[in-house]
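Asks: Got a structure for you, questions after.
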Amino acid sequence: MAKLTIQDVETIADLAKLTLTEQEKTMFQEQLSAILGYAEMIQQLDTTDVPPMTSAIPLHNVMRVDERQISLSNEEALANAPQAGDGSFKVRAVLD
């Protein structure tokens, strides 16, 4: 079973920009080591007959047929706009 050192936990905490107490370092050392142990157990499973998959349940795209339809005129689209001008919506600048 993989056992993390306190230095490993400190490195992980530093990468995550976390400040940990000595008690938290000890607690996370035990918890993270247990997680790595479970990952090692899973890696030992024989998966030679298991096909690769991207999801545990079958997923199908539910898309409607792309049909051509009559769209709104420019005036109809801008009818409820708080501000419009030159055939476009007017909004405040987001970037300077």
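The values are calculated or read from the model by the stated rules, or taken from the named source; none is laboratory data. What you see is a predicted model; the values in this text were computed from it and never measured. Methodologically, a virtual Cβ is constructed for each residue, glycine included, from the backbone with ideal geometry; neighbour enumeration extends over all protein chains shown. Remember, those area values only see protein heavy atoms, side chains included, never the ligands or the DNA or RNA. Shrake-Rupley method; radii C 1.70, N 1.55, O 1.52, S 1.80 Å.
Asks: Is one or more of the residues making up region 26-41 at pLDDT 95 or above and among the charged types (D, E, K, R)?
Replies: yes
Asks: Whether any residue in region 52-59 is under 23 Å from the mean Cα position of the chain (by Cα), under 21 Å from Ile12 (Cβ atoms) and of a type outside the set (Val, Ile, Thr) is what I want to check.
Replies: No, that holds for no residue.
Asks: Yes or no: region 76-84 includes at least one residue that is at pLDDT 90 or above, touching a strand residue (DSSP E or B) at 6+ places or on another chain (Cβ under 6 Å) and among the small types (Gly, Ala, Ser). Can you show your working first?
Replies: The initial filter retains those residues of region 76-84 that are at pLDDT 90 or above, namely 76-84.
With touching a strand residue (DSSP E or B) at 6+ places or on another chain (Cβ under 6 Å) added as a condition, the list becomes 78, 81.
If we keep only those that are among the small types (Gly, Ala, Ser) too, we end up with 81.
Yes.
Asks: Just one of Glu67, Glu10, Glu76, Glu40 is of a type in the set (Asp, Glu), open to solvent by 100 Å² or more (accessible area, probe 1.4 Å) and not in a loop (DSSP other than H, G, I, E, B); which is it? Show your work before the answer.
Replies: Details: Glu67 fails: not in a loop (DSSP other than H, G, I, E, B); Glu10 fails: open to solvent by 100 Å² or more (accessible area, probe 1.4 Å); Glu40 fails: open to solvent by 100 Å² or more (accessible area, probe 1.4 Å).
Just a single option satisfies the conditions, and that option is Glu76.
Asks: Need pairs with beta-carbon distance below 7 Å; first residue under 17 Å from Ile6 (Cα atoms) and of a type in the set (Phe, Trp, Tyr) and within region 28-51, second assigned to a helix (DSSP H, G or I) and open to solvent by less than 70 Å² (accessible area, probe 1.4 Å); sequence gap 6+ or separate chains.
Replies: Phe28/Val9
Asks: Still on this structure: Would you mention how many residues in region 79-91 are surrounded by 10 or more Cβ atoms within 10 Å (Cβ to Cβ) and in a loop (DSSP other than H, G, I, E, B)? Walk me through it before giving the result.
Replies: Taking region 79-91 first, the residues surrounded by 10 or more Cβ atoms within 10 Å (Cβ to Cβ) are 79, 81, 83-84, 88-90.
Subset that is in a loop (DSSP other than H, G, I, E, B): 79, 81, 83, 90.
Here the count works out to 4.
Asks: Pull out all pairs, ordered by first then second residue, where Cβ-Cβ is under 9 Å, the residues are six or more apart or on different chains, the first lies in region 1-18 and is closer than 19 Å to Glu40 by Cα, and the second is outside any helix (DSSP H, G or I).
Replies: Val9/Leu20
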